[in-house]
Amino acid sequence: MIDWLLDDSPSSRLQAYLGRAWRVFAALLRNPLAVVGGFIILVLIVMAIFAPLLAPYSPIGQDLANRLMPPSAAHWMGTDELGRDIYSRVVYGARITLMIVTMVAVIAAPIGLIVGAISGYFGGWTDRVLMGVTDIFLSMPKLILALAFVAALGPGIENAIIAIAITAWPAYARIARAETITFRDAEFIAAVRLQGASSARVILRHVLPLCASSTIIRVTLDMAGIILTAAGLGFLGLGAQPPLPEWGAMISRGRNFILDQWWVATMPGFAIILVSLGFCFLGDGLRDVLDPKQGDKQ
Amino acid sequence: MSFEPSESATDAREGLLTSQLLGSAAAVLRFCVVTAATFLGLLAITFFIGRVVPIDPVLAVVGDRASNEVYEAARQAMGLDRPLIIQFFSYVGDVFTGNLGTSISTGRPVTEDLARFFPATLEMATIGILIGVLLGVPMGVLAATRQGSWVDQLIRVLGLLGYSVPAFWLGLVGLAVFYAGLGWVAGPGRIDIFYDGIVDPVTGLYLIDSLVAGEWDIFWNALDHLMLPASILGFFSLAYIARMTRSFMLDQLGHEYVTTARVKGVPERRVIWRHAFYPIRIQLITVIGLSYAALLEGSVMIETVFSWPGIGNYLTNALLNADMNAVLGATLVIGAVFILINKISDVLYRILDPRARK
């Protein structure tokens, strides 16, 4: 099986792709931090999928007799002001966090990639206008911009996702443009064009796939920032609305009890830190494997 | 055939000089255009958020029970019946004359509010960046010269935490530990109520105002309140500045001229500070500028946690009250300061670094 994956002369496209994926995976396994990061993300995904099995209590079930209980065997992370089990809420919160980062990546990365690829491929005035707009967005403070967008769109998790995506795409546009320019005049592009491929086909089928690896690195590294922004919006009451167990919103609820019942606010914070660290580790590992040149600079 | 090449050489030299001058004039012009375009872009974004994104700004004012006549009258009074581009230009005109509208939650003009709240933000961010620079730069240098030492490991950990710890959470934990637990610092707010309003607000910066008035009690009290939020902001800039300093220094120390200096017997201290650190100070200015701008942004969260009466707190209060004039005004000011600091550090970099002038 591994011989088939590592075959130097793959007999099908699928074999080549899988072989490359296997090599990246094997290289990641040799990087301890990347393994730790990958493990954290894996735990997050498992928690999100199997939340009903892993959480001992309902995330929204109130139990006023047991409100603000400190961490114990029955309630691993204690209970909040409505007697809800914080551990169960953190487990269910993994679903919300995972959904937010996935949605932001799914919305922002393609927009950035297409803008950047068009800009780099056509050059000239197209490039100047598109990059001008990109640079204007890049030079804005992201969090403030996201806050203002949510204020106009109205609080809520969907609007928070849209607002974060609006502030996240320019970085990917820059990356895609830089990559596109390096092989815009390459012979394989000229060959495809001579065969009569349209610009759209060249960009979609031949340019964008080559931007994929640097975009994946950047998206993974950006995840921590996206999680923090989403949690910040939740903390300010602009993201997920109660009773959704969003980690930032949970910290916000615990604010009033921070001096006496510290666990209400601190526990969701540990979850945020752990997941952000996981994405940082995995992103660093991916960069070392996929783009060794950049890794040296750090 | 002449043996006097001097004339053409002088010509060539003059030509070169002229083209250099023209080149730098073009660079200055280009820079101004880019900066102006960025500010215009910021205005376009806030305009877009204020006028285009909300479903109906008129309804927000007149309420949904208003009759059609009232609605139309309000629409015309707000100028919303005009073409969008005209509305945009009148918005830009308003901003440049300092008219940002009236805040519905404070009842005062937004410009007035912002001028009152800005010094508090400035004071906190400035102390924060001072902490970041004064601790971060030496730590970064130390980490680069002693790779693998505890400072090096510490910077790695701090750098990672700087990326993954939510600022508002750290603020809450800081309050719980250092205010409630240990009692080392004063609690939320800028100053104890007891001292409030004694000193004339000259600059709006309490530390300076109290010193000017010679009121040491108030100075120490203000510092007591400022310490924790500024340290938490400072932590984030420290994490970034130390990491960047370390990587710049490592880059310099790998150069052959450093080896040469060592070989010819230059003391190690001098090699580090004079030969290796001196060239990176220009890059550091950019890093510090970026970090300062980021602190202004980060102060939004910290101010909310510490009930610090700055622009960030003003912004989040306005958000909760759906006070769009105040939201957009605060966004505009924070955005403009953010862009301005970035551009200034960019200009400084170009002026100070001969390589960037080309």
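Residues of segment A:164-184 with an amide N closer than 16 Å to a point placed 7 Å from the Cα of A:ARG205 along the Cα-to-Cβ direction: none. For segment B:137-202, chymotrypsin sites (Phe, Trp or Tyr not before Pro) meeting the loop criterion (DSSP other than H, G, I, E, B) and having at most 11 other Cβ atoms within 10 Å: B:TRP184. What FRET efficiency, computed as 1/(1 + (r/R0)^6) with R0 = 35 Å and r the Cβ-Cβ distance, is obtained for A:LEU33 and A:MET99, rounded to the nearest 0.05? That pair, A:LEU33 with A:MET99, gives E of 0.85. Given the C-alpha centroids of segment A:29-75 and segment A:238-282, what is the distance between them in whole angstrom? Computed from Cα coordinates, the inter-centre distance equals 12 Å.
Along the axis of the charge dipole computed for segment B:104-160 (Cβ charges of +1 for Lys and Arg, -1 for Asp and Glu, origin at the Cα centre), the listed residues B:VAL133, B:PRO109, B:ALA120 are led at the positive end by B:VAL133.
Relative to the longest principal axis of the Cα atoms of chain B, helix B:216-253 runs at roughly 40 degrees.
Expressed in units of 2.2 N^0.38 Å, where N is the residue count, the Cα radius of gyration of segment B:149-259 is 1.46. Across peptide A:150-158, the average count of Cβ atoms from other chains found within 10 Å of a residue's Cβ is 5. Given B:LEU170, A:SER9, A:ALA173, which one lies farthest toward the positive end of the charge dipole of the protein assembly as shown, if we put +1 on the Cβ of every Lys and Arg and -1 on the Cβ of every Asp and Glu? Going by the charge dipole, the pick is A:SER9. The gain in end-to-end length when the B:ARG274 to B:ASP192 segment is fully stretched comes to 24.9 nm, 0.36 nm per residue minus the alpha carbon separation. The fewest-to-most ranking of A:LEU286, A:LEU44 by surrounding Cβ atoms within 10 Å reads A:LEU44, A:LEU286. Here chain B yields Rg over Rh of 1.08, to two decimals, using C-alpha coordinates and the Kirkwood radius. Annotation for B:ALA27 and A:PHE183: the two label points, set 7 Å from Cα along the Cα-Cβ direction, are 3.4 nm apart. Taking each DSSP H run with n ≥ 4 as -39500 (n - 2.57) and averaging over every residue of chain B yields -24000 deg cm²/dmol at 222 nm.
Here segment A:143-218 is treated as a sphere whose radius is the Kirkwood value from Cα pairs; by Stokes-Einstein at 25 °C and 0.890 mPa s it diffuses with a coefficient of 168 µm²/s. The residues neighbouring B:GLY171, those whose beta-carbon lies less than 14 Å from its own, together hold a net charge of 0 under the Lys/Arg +1, Asp/Glu -1 convention. Check every DSSP H run in chain A and write down those whose alpha carbon atoms cover 18 angstrom or more along the long axis and whose mean Kyte-Doolittle hydropathy is 0.0 or greater. Those that clear 18 Å and a mean of 0.0 are A:13-29, A:32-49, A:86-122, A:124-138, A:157-183, A:208-235, A:263-290. Here the label points at A:ASP63 and A:ARG13, each 7 Å from Cα along the C-beta direction, are separated by 5.5 nm in the simple model. Here the scattering of the protein assembly as shown is modelled by Debye summation over its C-alpha atoms, one equal scatterer each and no solvent; at q = 0.07, 0.09, 0.12 Å⁻¹ the log10 of I(q)/I(0) is -0.55, -0.91, -1.54. Summarising the label geometry, the points placed 7 Å from Cα in the beta-carbon direction at A:ARG23 and B:PHE89 lie 5.9 nm from one another.
Taken over the alpha carbons of segment A:69-179 as equal point scatterers, the Debye sum produces base-10 log I(q)/I(0) values at 0.23 Å⁻¹ of -1.13. Since only B:PRO279, B:GLY254, B:PRO229 are under comparison, the one whose Cα sits farthest along the positive direction of the charge dipole of segment B:203-358, derived from C-beta charges on Lys, Arg, Asp and Glu, is B:GLY254. Taking the Cα centre of segment B:217-280 as origin and assigning +1 to Lys and Arg Cβ atoms and -1 to Asp and Glu Cβ atoms, the resulting dipole is close to 440 debye. With the largest listed first and rounded to whole Å, the semi-axes of the equivalent ellipsoid of segment A:40-297 from the Cα gyration tensor are 42, 19, 14.
Rule-based calculations on the coordinates, nothing more; no lab input. Remember, predicted model here, so these are calculated numbers, not experimental data. FYI the Cβ positions are ideal-geometry reconstructions off the backbone, even for glycines, and counts take in every protein chain you see.
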